[in-house]
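The values are calculated or read from the model by the stated rules, or taken from the named source; none is laboratory data. Note that the structure is a prediction, hence the values are computed from the model and not measured. Cβ sites come from the backbone with ideal geometry, for glycine too, and all protein chains shown count toward neighbours.
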Amino acid sequence: MVDSQDKFMIELIVRLNYKRRSKMDGRQFIKRKRLEKGLSLRRLALVAGVSHQFIKVHEDSNKSITFDYLIKILHALDISMFEYLAAIGYMKPVKNPADLLVGDAGLEPAPLFVAA
């Protein structure tokens, strides 16, 4: 379900311990995109393979969402993980994922492991 691009992005965020720069949270972003695309809760739920109640609760409350469900919803909305993370402030906006270079962000990647 999670493609290599999504895994790369998550690994990059974790390694860099990137700080959020936006006040918008994921729930607001998902609801805004759903409404922009003219999708009802039921239609998005059908396409994403989740219940409409689940999406409603996620959009309107502080309940967290698992990564698997987030990916389902983002794919149903045709939103990349890059676009999502940029919108909620965890990375700079990127039009093409190939343009993303760690050095461009002014950050250095953390080492994969530390020698003992």
**OP:** Give me a count of the residues in region 72-82 that are outside any loop (DSSP other than H, G, I, E, B) and at pLDDT below 90.
**Re:** 2
**OP:** Out of Glu59, Glu11, report the one residue that is among the acidic types (Asp, Glu) and either loosely packed, with under 14 Cβ neighbours inside 10 Å or modelled with pLDDT under 80 (or both).
**Re:** Glu11
Original post:
Any idea how many residues of region 50-71 are among the aliphatic types (A, V, I, L, M) and in a helix (DSSP H, G or I)?
Top reply: 4
Original post:
Picking from Gly89, Gly103, which residue would you name as being in a loop (DSSP other than H, G, I, E, B), modelled with pLDDT under 85 and out of contact with any helix residue (DSSP H, G or I) (no Cβ under 9 Å at 6 or more places or on another chain)?
Top reply: Gly89
